[in-house]
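A short worksheet on the structure shown next.
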Amino acid sequence: MQFSEFPFHKSILKAVAEERYHTPTLVQEQAIPKVLAKKNVIVSAQTGTGKTAAFALPIIQILFDKQGLKEEEGKEIKSLIVTPTRELAIQILENFKTYSKYTNLTTAAVFGGVSLEPQKDILAHGVDILIATPGRLIDLYLQGFIDLSAIKIFVLDEADLMLDMGFITDVKKIERLCPKKKQTLLFSATIPEKIDDLAKTMLKKSVKIEINPEETTAKNIGQLLYYLPKKNKTDLCLDLLRNTINGKIIIFRRTKIGVDKLEQTLLKNDYDVVSIHGDKSQAIRNKAIEDFRNKKATILIATDVAARGIDITNVDAIINFDIPNIPETYVHRIGRTGRAGKSGIAFSFCSPDENSYIKTIEALIEKTIKIIVDHPYIINKPKHKKLQPNTVSKNKKGRKSEASKKNKKRWY
């Protein structure tokens, strides 16, 4: 299938062609027709699968059909996209502007960490499509700068991260402020029980689309695992950067303190490095991402929350400095490389306290990660009791199986 086969207006197809979009991804192929049919849709798919275009393109088509080239209807907010982080809001805004540049639809984003005044000015002129983080959206609504009474399409993006960050009350409040009669789209990397419960209250007669993690773990991403003492992780990182890894690299750390500490170490060793996490100002985070995209910096260190959903192309390698305790996060991370058919490689550093995480990751991706024994800080591979297949995978409702719960204390 090709993008040209979707019933998009020629103005949209022109913008898509200029971005060299030809063949839709799996999630786009399945979701776009459902959204165009004005169904309520729940989509589960990992980072890097093209979820933004899967909702942005049909939203532009639906609103453009209604409005055409006329200005008579005015600039009421007709579609609201709620997303958890500032970086995601900015990225979604850029995508909407790119796809809608040959239409007369206007798009804006509001988010915290920056001054309210410019955002108030933009809203005063009216917008068709609004992207917002929950806190800033509610602030502006309470001040009378946002009217949600004309919303036709409501989108929750990265819903699982939204709830992990404690936004569930805000999300429910925002949904209630919108008209009851609207199309609702929920996009999430995973559908755990709490997302499933939320969807049941917000989406009636919905269609569910699930793209399994093993389907989105690109075959052209090499995955290498290093067992070592925790105290030697920085040493191994420096060794690999000097002798093995080249190009644009993203390093993931679990904590903000860990990000700062590693950044200082790499700067002292003359590496061009930038970092992002939640304690940094929006201006600093934006500059770091832009420097990394433009190759002014070759290394980006980030926490998962700060980096979630950010679209950075041509990443040659990622390093899991800390092994994620949520297996789906591993899939998110390695999906930063090996995009658009290009090759990439993921290096994972596992200390003894993280041994159990590897087994849950391998069960999810249904693959054994290759262990590298030829490095200076090797420790013996831990012995694991064999797990039954899929015991730690999510079932259809996102719940861990009973077998996984029973085996939890016996993985290491």
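Each value in this text was obtained by applying a stated rule to the coordinates, not by laboratory testing. Because the structure is predicted, anything quoted here is derived from the model rather than measured. We place every Cβ from the backbone using ideal geometry, glycine too, and count neighbours over all the protein chains shown.
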**OP:** Stick to the Cα atoms of the stretch 121-239, pair each with every other, and give me the Kirkwood hydrodynamic radius in Å at one decimal.
**Re:** 17.7
Original post:
For labels at residue 343 and residue 196 in the simple 7 Å Cα→Cβ model, what's the distance in nm?
Top reply: 4.0
**OP:** Would you grab the residues whose amide H sits under 5 Å from the one on residue 222? Only those 5+ places off in sequence or on another chain, please, with H modelled 1.01 Å from N.
**Re:** 344, 345, 346
**OP:** Check the straight Cα-Cα distances from residue 296 and name the aspartates and glutamates below 20 Å, setting aside those fewer than 8 residues away within the same chain.
**Re:** 87, 260, 263, 270, 272, 311, 316
Original post:
Counting only Cα, what are the radius of gyration and maximum Cα-Cα distance Dmax of the stretch 3-211, in Å?
Top reply: 15.9, 44
**OP:** Express in nm, to one decimal, how much length is gained between residue 270 and residue 224 on full extension, taking 0.36 nm for each residue of separation and deducting their alpha carbon distance.
**Re:** 14.0 nm
Subject >> Among [x] 41, 33, 22; [y] 35, 27, 20; [z] 38, 24, 20, the entry derived from the coordinates for semi-axes √(5λ) of the Cα gyration tensor in Å >> reply: [z]
Original post:
Rounded if a/c is under 1.5, else prolate if a/b is larger than b/c, else oblate: which is the stretch 252-355, with a ≥ b ≥ c the root eigenvalues of its Cα gyration tensor?
Top reply: rounded
Original post:
Restricting the count to DSSP beta bridges whose residues both fall in the chain, what percent are antiparallel, rounded to a multiple of 5?
Top reply: 0
Subject >> Whichever aspartates and glutamates have a C-alpha closer than 15 Å to that of residue 34, once near sequence neighbours (fewer than 8 apart) are set aside >> reply: 5, 210
Original post:
Under a GNM of the chain (C-alpha, springs under 10 Å), which listed residue has the highest mean-square fluctuation: 343, 11, 115?
Top reply: 115
Original post:
Quick one: which of 78-90, 264-276 comes out on top by average Cβ neighbours within 10 Å, and what's the full order, highest first?
Top reply: 78-90, 264-276
